[in-house]
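Input: a single structure, listed below in structure tokens.
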Amino acid sequence: MFEHILEKAQKKADKAEVFTVGTESLEVSFEAGVLKSAERKKRSGAALRVIHEGRLGFSSTTDPERGDDLVEAALAAARCGKEADFDLPAAESFPAVDSYDSAVADFAPETAVEEGRRAVDALAELYPKGLAYVSFSSAVSTVHIANSSGFEDSYRATNFSQGMLLTVVDGDSILWIDDGHTSSRLRLETDSYAAVIADLALKAEKKAPKVAEALPVIFPAKQMANLTPCIEMAVDGLSMLKGESPLIGRIGDKVLGSITVIDDPLIAYGVGSRPFDDEGVVSQKNILFEDGVFRNFLFDIDTAAAADETSTGSASRSSLAQPSIGMSNLVMSTGGSSLEEMIAETKHGAIMYNVIGAGQSNMMAGDFAMNVGLGFMIENGEITGRLSDTMLSGNIYDVFDVIESSGSEAVQVGAQYLPDTKFSKIAVSGA
């Protein structure tokens, strides 16, 4: 399919690139303890970019019989497309990156259903007052890119997710207490997730008094992922070109406390790991912040050309969409503490196990305002009661400057590797 499309596109356009992806997936879910669905899916398609007479055209399809239409549609789009002054990458050698786990490919529906039932039973035994929701998904994807500059290569990647959620009716409100993970390898964490969820449900039965003050706040690693979108938006080269990023003119300035942040697509079995990006540019580590000092923006080949820079290998696609700038695996530096030590050392503060809606404020500027889905007060090193009707607010450039301690290990949270983190001061307000 792609060979035919590229061959025809090269005859009519000055430059051409064909991106194809095929995915085989399995999805199994339980709702309120009952098996809801178990299905396999296959999806494939192709996306074509052409540059003709200095303008960019794009089209995509999931129909293998529409190769000819794909070329004509891209050429038609190029007639009124944006100006494009960049070259497509040529053939190159790439680093070896582990992104495929055969155990994910072999994960059977029967195994998922059996493990799902075990998860439901474990939650019911540990905390019978809630309803269990359990999900598993596995996927194997093959990405192939070929272009008129002579590039042609492909790689396979796997993705596996497990999620467990307990809903608990609390008066006229409902609590959602969850745990789970997404990774490139097969991991089943049913027993540990059930134990954590049940423990939090028991702790949540006692409510804390309303609070409205700036407090030390602990974010477990999985909740730190609610703050990192501010970073991702700010280091996007397109936001720099548009004049929107707060980091414009700040390269070399200390702006993020003492934190180091790296975009690393070379991590073995990382969710965002790959030998080349979604335009065929070789993958590389990109240091974004080093001990808090801002070092680099991220670019794809289009924005790099516009900024007179070099692509950082940061092109990403959502399915068959046009490429845009995106991080691969975000890695944040660690410290020397454990979550238990952070709690024990807190005389008067809070810990957040679920926060919701960080995008309610100007995240491009680093601002955040989020509702507390599941959080607790800490008094004299002990969790004392659940916070209700509470919000957190602040700015990441301020709160990262007052990090009191960080976890000694980075926890994989999807395509991010983050430590548990204790901030010495965040505004907490209860309604």
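The values are calculated or read from the model by the stated rules, or taken from the named source; none is laboratory data. Everything quoted here is computed from the prediction, not taken from an experiment. All Cβ positions, even for glycine, are placed from backbone atoms using ideal geometry, and neighbour counts span all protein chains on display. The protein model used for the area step is the full one, side chains on, heavy atoms only, and it has no ligands, DNA or RNA in it. Shrake-Rupley method; radii C 1.70, N 1.55, O 1.52, S 1.80 Å.
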**OP:** Note down, for the stretch 222-277, the three equivalent ellipsoid semi-axes (square root of 5 times each alpha carbon gyration tensor eigenvalue), biggest first, whole angstrom.
**Re:** 23, 15, 12
Original post:
Label points 7 Å out from Cα along the Cβ direction at SER173 and ILE356: separation in nm?
Top reply: 0.9
Original post:
In nanometres, what is the gap between the two model label sites at ALA108 and SER408, each 7 Å from Cα along Cα-to-Cβ?
Top reply: 4.2
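Between ARG295 and SER37, what length in nm is gained on full extension when 0.36 nm per residue of separation is reduced by their alpha carbon distance?
On the way: separation 258, 0.36 × 258 = 92.88 nm, distance 4.66 nm.
The span from ARG295 to SER37 would gain 88.2 nm if fully extended.
Restricting to Cα pairs below 8 Å that are 6+ residues apart, what does the relative contact order work out to for the chain? Please round to a whole percent. Walk me through the intermediate numbers first.
Details: 1128 pairs, mean separation 69.0, N = 431.
Normalised by residue count, the contact order of the chain is 16 percent.
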Subject >> HN-Hα J in Hz across the stretch 97-108 - Karplus 6.51, -1.76, 1.60, θ = phi - 60°, x for Gly and Pro >> reply: 10, 6, 9, 10, 10, 4, 5, 5, 4, 8, 5, 8
Original post:
Expressed as an acute angle from 0 to 90° and rounded to the nearest 10, what is the orientation of the C-alpha long axis of helix 67-78 relative to the principal long axis of the chain?
Top reply: 90
Original post:
So for the pair LEU241, LYS82, with labels modelled 7 Å out along Cα→Cβ, what separation do we get in nm?
Top reply: 0.5
**OP:** When you have a sec, figure out the Kirkwood radius of the stretch 320-431 from all distinct Cα pair distances and drop it here in Å to one decimal?
**Re:** 15.4
**OP:** With 24 Å as the limit, write out which pairs from LYS242/LYS422; LYS222/LYS242; LYS129/LYS206; LYS254/LYS425; LYS206/LYS347 have Cα-Cα distances beyond it, or answer none.
**Re:** LYS242/LYS422; LYS222/LYS242
**OP:** Using only Cα atoms, find the angle between the long axis of helix 2-12 and the longest principal axis of the chain, and express it within 0 to 90 degrees, rounded to the nearest 10.
**Re:** 50
**OP:** Given the options GLY237, GLY336, GLY394, state which has the largest fluctuation in a GNM of the chain using a 10 Å cut-off (strictly under) for Cα springs.
**Re:** GLY336
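Viscosity 0.890 mPa s, temperature 25 °C: give me the Stokes-Einstein translational D for the stretch 366-431 in µm²/s, with Rh taken as the Kirkwood radius over C-alpha pairs.
In µm²/s, the coefficient rounds to 182.
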Original post:
Which whole-number value in Å² is the accessible area per residue of the chain, probe 1.4 Å?
Top reply: 44
Subject >> the chain - Rg and Dmax from Cα coordinates, angstrom >> reply: 23.7, 73
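Tell me the mean residue ellipticity at 222 nm calculated for the chain from its helices only (DSSP H runs of n ≥ 4, each -39500 (n - 2.57), averaged over every residue, nearest 500). Please list the in-between numbers first.
Numbers: 11 runs with 91 residues, N = 431.
That calculation yields -5500 deg cm²/dmol at 222 nm.
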Original post:
Once Lys and Arg get +1 and Asp and Glu get -1 on their Cβ, which of SER44, LEU330, PHE368 lies farthest toward the positive end of the dipole of the chain?
Top reply: PHE368
Subject >> Carbon plus sulfur fraction of accessible area for the chain, probe 1.4 Å, in percent >> reply: 48
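Assuming R0 = 22 Å, what is the FRET efficiency of GLU309 and LYS285, from their Cβ-Cβ distance, to the nearest 0.05? Can you show the working numbers first?
Details: r = 17 Å, r/R0 = 0.76.
E between GLU309 and LYS285, to the nearest 0.05, is 0.85.
Quote the charge dipole size of the chain about the Cα centre in Debye, to the nearest 20; the model charges only the Cβ of Lys and Arg (+1) and of Asp and Glu (-1).
600
Among rounded, prolate and oblate, which fits the stretch 185-267 when a ≥ b ≥ c are the square roots of the eigenvalues of its C-alpha gyration tensor, a/c under 1.5 means rounded, and a/b larger than b/c means prolate?
Working: a/c = 3.11, a/b = 1.61, b/c = 1.94.
The shape class here is oblate.
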Subject >> the chain: most fluctuating residue of LYS285, LYS15, LYS36 per GNM, C-alpha cutoff 10 Å >> reply: LYS36
Subject >> Among GLY313, GLY180, GLY252, residue whose mean-square fluctuation peaks in a GNM of the chain (springs only between Cα atoms under 10 Å) >> reply: GLY252
Original post:
Can you give the percent of C-alpha pairs in the stretch 81-231 whose distance is more than 24 Å?
Top reply: 57
